[in-house]
1. Going by average Cβ density within 10 Å per residue, which order do the peptides 292-303, 249-260 take, highest to lowest?
2. List the residues whose amide H sits under 5 Å from the amide H of Leu387, counting only those 5 or more places along or on another chain, with H placed 1.01 Å from N in the peptide plane.
3. Taking amide hydrogens as modeled 1.01 Å from N in the peptide plane, which residues meet the under 5 Å criterion relative to Ser96, leaving out close sequence neighbours?
4. Go through segment 151-164 residue by residue and turn each phi into a ³J(HN,Hα) via Karplus (6.51, -1.76, 1.60, θ = phi - 60°); whole Hz please, and just put x for glycine and proline.
5. Pull up all non-local amide H partners of Thr227: gap of 5 or more, or a different chain, and H-to-H distance under 5 Å with H placed in the peptide plane.
6. At 0.36 nm per residue, and after removing the present C-alpha to C-alpha distance, how many nm does the segment from Asn103 to Ser52 gain when stretched out fully?
7. In bins 20 Å wide, starting from 0, what share of all Cα pairs of the chain does each bin hold, as a percent?
8. Name the residues of segment 307-322 whose amide N is less than 16 Å from a point 7 angstrom out from the Cα of Thr367 along the C-beta direction?
Amino acid sequence: MPGPREVSPVNLRRLSFTTLQVLDSDYGLSTAAFDIENVTLWNEVQIALSASLPANVIYNLTVYEVGSSASGAELYNNLITISNTDSLGTTSDASSYLAASANVTFNVIPEKIGEDSGEGTLYILNCSDANGWWITGYTAQSLAEDLYKLLSPYFVNTVMVQNTAELGQLLGGTPLEGETLENAVIINTCGEAVPIPTAYCTSPYSDNSYARYSYFLGQKVNEYNWTWASIVGYPFYYVSNTAAFPTQQNDWGIYGMRMTAQGGVRAFLQGLDNQAYVYNSNGVTSDVGVVTLTSEAMYCCNYYGIYPSEYQTSTRALSNSILSTYDLEVGLYVFNPVGNYIPGAIYRHVNSGSTSTTGTFLALGLTRTPDIRLTCLSLLTYYQPRLYRSEYTSYGTSRLIILQLGFVGAA
C-alpha cells in the first residue's frame, strides 16, 4: 500500500499561505512585522508558527522592508529571519504575504460625471413644502440629505432644490446657482408623489387630476435631456404642494397632496416622447414579487462599495410595452425582468431613426420602504464614473513576509 503522503501529498505552497493568513487573523503577524525589536512578540510568533505546522515540516520566515530607489525601483531590506532549520533542502516551497502599517491611509477620488463636457449637475428635490408617499419611515428631506452624501462626490455640481418655487424656476429654464441646466440628473425624493410649484396648480396643468402636469414634466425632461429618477413605487401617482392643497389629502390622510393615479406616468411618457397629450388612465404596472439585481448591478456594488440587498420586492414593475409605445430603449436593467415586466431600469428616449438620447427616466418599481442605495447604485452603474485610488504612504510602511517550508530529512 502506498503511504499517505504518496496518495495525498502536502502542498507546501498552499500550507505556507494559509499559515500566514492564520498568523495574521488578528493582525498579530502584521503588528510584529512593524515591531522587529520586540523580542517577546517575536517569540510568540515563533511559538504560534511552530504550533501551526505539522511536526515533519521545517520553516524559514523572513520579513523584508519594502522601499524604493531614486529611480522608482522596489528595494527589499531583510529585517528579521526566524527558522527551525539550517537547510530546507530541495523540495521546499514558499508563499508571500504583504502587510501594511496601521498608519497607512488610502484615498479614493471619483471621476465627476459630466466633467469633460462642463455639465454634470445633480438636482435633489428637497422641497420643504411638498410631502412624500411610499417613503415610509423617512421624510423627503432626510432622503435628500442621504442622497447628497452618497452622490455629490460623483457630480460637478450638486444642487438641493429647497422648495417648489425653486423647482418652478428650473422648469422655467433658469439655473439656481449658475449651474449647467442641460443634461442634469433630477432625483425626486417624494416617492410616488411629485412636488408641484404653485404656478402649475391651475389649468391646463391641473387637467385630468394633474396628469397634464406630469406631461409637462416629460416635455422638460426631453427638452433639457434630463435624467428623471423615481426612487420607489408608482411614478407620478400624486402631486404635492402643502401651500396649494392645505385641506386636501391623498385618500390616505397625507395632506397637501392630490391623487393623479395611473394616468400620471403615461402622461409623463407622452411628454417625454413629444406626443400629443391624450389622457390615458390605463394601468401599466404589475406586482411581480421578489426580484433580483442584474449581474451588472451586482458587479458595481463591489466597485462603488454600495451594498443593498440583492433581493427586493416589486409591486410596481412597468410593462415592457412602454418601450415601443413611447420610443424608449433600456439603457440599464437594474433588476432582472420578470415576464413582460421590468421591476427597475433606466430608460433612454431615442426618436425613431435617431441615435441621440433626448431624456432619460429611472424607475424603481419597488415596494416601500425606499432604499436610496438602489438609486445611487442605478445611477452609478449607468454613468460608470471611474474611481481613482491612491495610497498615502511613505518609506517603511509596507512589509513583505516570506514563509518557506520544507520536509524534515529532505535532501
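1. Details: 292-303: 15.9, 249-260: 17.5.
Descending mean neighbour count gives 249-260, 292-303.
2. Distant-sequence amide H within range of Leu387: Glu111.
3. Under 5 Å from the amide H of Ser96: no residue qualifies.
4. Per-residue couplings from phi come out as 9, 4, x, 9, 10, 5, 9, 10, 10, 8, 7, 7, 7, 5 Hz.
5. Ala184, Val185, Ile186, Thr360
6. On the way: separation 51, 0.36 × 51 = 18.36 nm, distance 2.89 nm.
Between Asn103 and Ser52, full extension yields 15.5 nm more.
7. 23, 37, 22, 16, 2
8. Inside the label zone: 309-318.
FYI, it's all coordinate maths here, none of it is from the lab. Note that this is a predicted model, so its numbers are computed, not measured. FYI the Cβ positions are ideal-geometry reconstructions off the backbone, even for glycines, and counts take in every protein chain you see.
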